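Here the structure is laid out as structure tokens; the discussion comes afterwards.
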Amino acid sequence: MTSAIFVLVAAAIFGLGVHGLLVSAHIMRKLLALNLMLSALFLLLIVVPASIDGHPDPVPQALVLTGIVIAVSTTAFALALMVRLFRKQGHATIHPDLDPALLGRKHGRRTAPEAEGERAP
Amino acid sequence: MTAGVVIDVLLGLILVGLATQVAIGKHLFRAIVFYVAFGLAMALIWARLGAPDLALADAAIGAGLTGALMMVAFRRLVEIDPKQSQALVTRGSALAVVLAVLAAGMVATIGLTALSLERQPGDAGLQVLATLQETGLGNPITGVLLVFRGFDTLIEMAVLLTAFIGSRVITTRSRLSVTTVSGFELPLVRTLVAVILPLAVLIGMHLLWIGSDQPGGAFQAGSVLAGSGVLLLLTGTLLPASRSRALVRLALVAGVGALCLLVLAPLLQGDGPMAYLGRGSLLFAETAMMVSIAVTLTLLFAGSPSLKAGSS
Amino acid sequence: MSFDKLLLALVFIPLGTALVAVMLPPARRRWAVLLGSLAWPCFLVPLSIAVAREQTLTLVFGGWSPPLGIGWRLDALALVVLWVHALVGIAALPGAWQRFKPEETESGPFWSLWLILATGVNLATLAADLFNLYVALELTTLAAVALIATDDGIAALSAAMRYLLLAVLGSLMYVLGVGLVYAQTGSLAMHQPGLVELNNVALVLMLTGLMVKAAIFPLHVWLPHAYSNAPGPVAAIMSAVVGKVALVALWRIWFETAVDPPTLLTNLLGLIGAGAIVYGALAAYLQPRLKMVIAYSSISQFGFLLLLLPLACQQAFQGAGFHLLAHGLAKAAMFLAAANIVTVLGSDSIRHLPGLDKRMPLEAFTLALAGVTLIGLPPSGGFTGKWMLLSAAWETGGWFWLVLIVLSGLMSAAYVFRILALTCFHPARRAVHHLHPKPPAITSLAALMLALLAVVIGLYPHPVLDLLGSGVLMDGGVRLQSGVPGAGP
């Protein structure tokens, strides 16, 4: 029963994360949404495998601990990246165009000066 | 039985409510605050599920440090450009709602189907409990993290180090003002630090020491210490420094380095890699990991390669 | 000393030197960098001999055999990936050295990340444990993202950000799949004897996650920006191995972890591969920038590697493995040459290419040679790989795949010849007003060596093909298997 309740809770949080990821352009919002989804994932990892003697299986617990540390590392790095991007371009969003091929040549010319950033040192 | 169900449902509803605020709350800053609350509620749920190690870790890392990192990043955005920092370019759409509901439905179906199958305790989990005695440890999770799957932990520490080095690549070019984190000079805060800091160090040491037999360990201890590092930065007792020091660099690599030794040292005796060397070796590795976690996370918060004593 | 302990060198040399590089003062950093980049490839020589003799080397940590502990495995496929990594890593070194001088203080993080990336790639290749693979891929991704961000332009930073967000999403799905596998079997080893129910859901989740990381169409959206805006040497490593390790992991999960995946899924994945081949080639043809052409070509070539799933026979395995090798070398050569072109011309817009054969003959020749491999013209390595896939399609009666492979050769020819025609035969010979000084000749030669090597392996394909052929055991004529620790005989 407990497991089933928390599976539903995880599903709801996962859905909220997906929603947040889709609707918000702000990178920090996206990171918050991803962190929600990660929490939902961790909850599932603990609840779904059968428990042993009333405690969750120690192996998934260790995996989740590892996952939490990896999540905070990734988030910290992503935040640093976001601050830098914000300083350079003045807004904390990524270019909305997903695939430059869809825009063809026009796009390439437009971003060419900054995209060809590889200059002689 | 029913009381338990009521508690579960209540906790679940609180968690979902907080997650809603994080995902679709209007203001970014509020969303971050709710994320911290979400992490704390998550910790309660871990405790309720009988996973105190996760409860400690999620309260310290998930809620505390992730929240602190988000807040300081938010503050930096505000400093750069107060108007743009909050600018919410939300594209609220029916499609997003449909996709979110679909995703939630999918996860629920997968989870419930998995629960409905005939479930046996996992082989690996049973073997961990059966073999734990050989290692002399009392906490099976510490056993998995440092003995049976210690190699995962080594790479995880390397990921933490990589995140730090990666943010150095980015932040060396942008000068983050020192005042970003130090700010308030209230007498009460001073006193608070004087009380909390020794307590945090004690708690950290305690968590590290008992971690081999009871809930706790290097991660929890390291993040409690990192929390006090953040507090010291906030009160100006510690300040970000731009010149990197050998001691700080040593602290950064200590965790990965100690785990590498744990893998390679047994080879000298002709044993296989990471052959178990006893509890002493684990305590050594965990101390190094605690130091690395504490220093790395504090520096990630400060956004600087090093720290120096404040002028107090 | 047995050979299996040598495996440790592949991961612990780059990791150890990365730690040393963090500690050392800038003036002495170069020794750590040289040791970390050049020492581990030396170990591939004895390891290749060992694999040729014993087929599979395994290593178990702490003596705890799976499912309790973590294992590594080196087989022929892993060996091919490691060789590509070693060769490309060495060839990319001069360019990286020239741009990020190790004795400069500010290039310290670059070199630590460079060594960590090598660690991650090698580890992801060796991992025989589903969760260990995840941490290895996280390490690889994070290092790669940070290396892209060493180019401080807005384009590179947003490419890094997009890559990071999508990669997190991908690993999330992958780990969910892994969790479902554990819930059923109680084991995280890649070889899963008892996986029955929910098999397909877990499988689809894991595959989708890995497809994001490998940039398989239509989950490729991070790749073009990331590859084309990364510093040249980083793009070379990324295109040669970073995406490939996720793809090889996908193969392994398909053939080792999954039990009897449904035909529908097999065909779907084959069609996705077909879509990637066609889409990537068309998009490459339309790109206005040289690096974008090369990046989209990767998406197309990755599609071939997915064709192994529907073809699923020994010949297809040899062909796909060989294609991985040839494409890795050729693509890295192109990115290294393109980096030099950008350095000299200040731009990689294809409008600036006319006359390049006069100004930078080595780079033009490298592009041409590597292009031959991409198209799959004999006698290049690309030809051997595609020929093996083609004959696999012939023998299994997969007419659709057969036509696709032939057509794709024509489509690759279109985008390669577009570049070559502009470079060598364009009448305009447009003068570029401002030419920057040329990078040292060794960087041009390194790129050329890779391109040559991609052709030479086509002339002498047998050592590699024999190795790939011996490492794979046929099981019932359809499924491929390779040894895994704890998997029994």
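Rundown of residues vs (1) over 27 Å from C:Val201 (Cα atoms); (2) without any contact (Cβ under 8 Å) to a residue 24 or more places away in the chain; (3) among the aliphatic types (A, V, I, L, M), yes/no style:
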position: C:Val241; (1), (2), (3): yes, no, yes
position: C:Ile253; (1), (2), (3): no, no, yes
position: C:Ala258; (1), (2), (3): no, no, yes
position: C:Thr266; (1), (2), (3): no, no, no
position: C:Val278; (1), (2), (3): yes, no, yes
position: C:Lys291; (1), (2), (3): yes, no, no
Residues being surrounded by 24 or more Cβ atoms within 10 Å (Cβ to Cβ) and part of a helix (DSSP H, G or I): count how many of those fall in region C:373-382.
4
When C:Lys101 is run through (1) in contact (Cβ under 8 Å) with a residue 12 or more places away in the chain; (2) surrounded by fewer than 24 Cβ atoms within 10 Å (Cβ to Cβ); (3) touching a Ser or Thr at 6+ places or on another chain (Cβ under 7 Å), the failure sits at (1)
Might you check whether a residue that is more than 7 Å from chain B (Cβ to nearest Cβ) and of a type in the set (Lys, Arg) occurs anywhere in region A:78-91?
yes
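Check A:Phe42, A:Phe14 and return the single one that is part of a helix (DSSP H, G or I), more than 7 Å from chain B (Cβ to nearest Cβ) and open to solvent by 10 Å² or more (accessible area, probe 1.4 Å).
After ruling out the rest, the residue left standing is A:Phe42.
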Of the listed residues (C:Val204, C:Val234), the one being crowded, with 24+ Cβ neighbours inside 10 Å, part of a helix (DSSP H, G or I) and within 14 Å of chain B (Cβ to nearest Cβ) is C:Val234
Take the conditions surrounded by fewer than 22 Cβ atoms within 10 Å (Cβ to Cβ) and on the phi < 0 side of the Ramachandran plot and apply them to B:Val22. Does it pass?
no
Return the only residue of B:Leu77, B:Leu18, B:Leu13, B:Leu44 being over 20 Å from A:His19 (Cβ atoms), part of a helix (DSSP H, G or I) and at pLDDT 90 or above.
B:Leu44
Out of the residues in region C:40-72 that are open to solvent by less than 50 Å² (accessible area, probe 1.4 Å) and touching a Ser or Thr at 6+ places or on another chain (Cβ under 8 Å), state the one that is nearest to B:Pro140 (Cα to Cα).
C:Leu68
As an exercise: evaluate B:Ser212 against (1) more than 25 Å from B:Asp58 (Cα to Cα); (2) touching a Lys or Arg at 6+ places or on another chain (Cβ under 7 Å) and give the number of the one condition it does not meet.
(1)
Looking at (1) surrounded by fewer than 15 Cβ atoms within 10 Å (Cβ to Cβ); (2) at positive phi, can you tell me which one B:Gly280 breaks?
(2)
If the requirement is being part of a helix (DSSP H, G or I), within 25 Å of C:Ala338 (Cβ to Cβ), of a type outside the set (Phe, Trp, Tyr) and open to solvent by 10 Å² or more (accessible area, probe 1.4 Å), which of these qualifies: C:Leu157, C:Leu147, C:Leu93?
C:Leu93
I'm told C:Leu172 meets every condition in (1) hydrophobic (A, V, I, L, M, F, W, C); (2) within 9 Å of another protein chain (Cβ to nearest Cβ); (3) in contact (Cβ under 8 Å) with a residue 24 or more places away in the chain; (4) buried (at least 24 other Cβ atoms within 10 Å of the Cβ) except one. Can you identify the failing condition by its number?
(4)
Among B:Leu132, B:Leu126, B:Leu161, which is assigned by TED's automatic domain parsing to the domain that holds B:Leu277 and part of a helix (DSSP H, G or I)?
B:Leu161
How many of the residues making up region A:17-33 are free of Cβ contacts under 8 Å to residues at least 24 places away in the same chain and either facing another protein chain (nearest Cβ under 7 Å) or over 16 Å from B:Leu95 (Cβ atoms) (or both)?
11
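The values are calculated or read from the model by the stated rules, or taken from the named source; none is laboratory data. The shown structure was predicted, so the numbers you read here are calculated from the model rather than taken from an experiment. When we count neighbours, we look across all protein chains shown, and the Cβ atoms used for this are built from the backbone with ideal geometry, even at glycine. Only protein heavy atoms, including side chains, enter the accessible area calculation; ligands, DNA and RNA are left aside. Shrake-Rupley method; radii C 1.70, N 1.55, O 1.52, S 1.80 Å.
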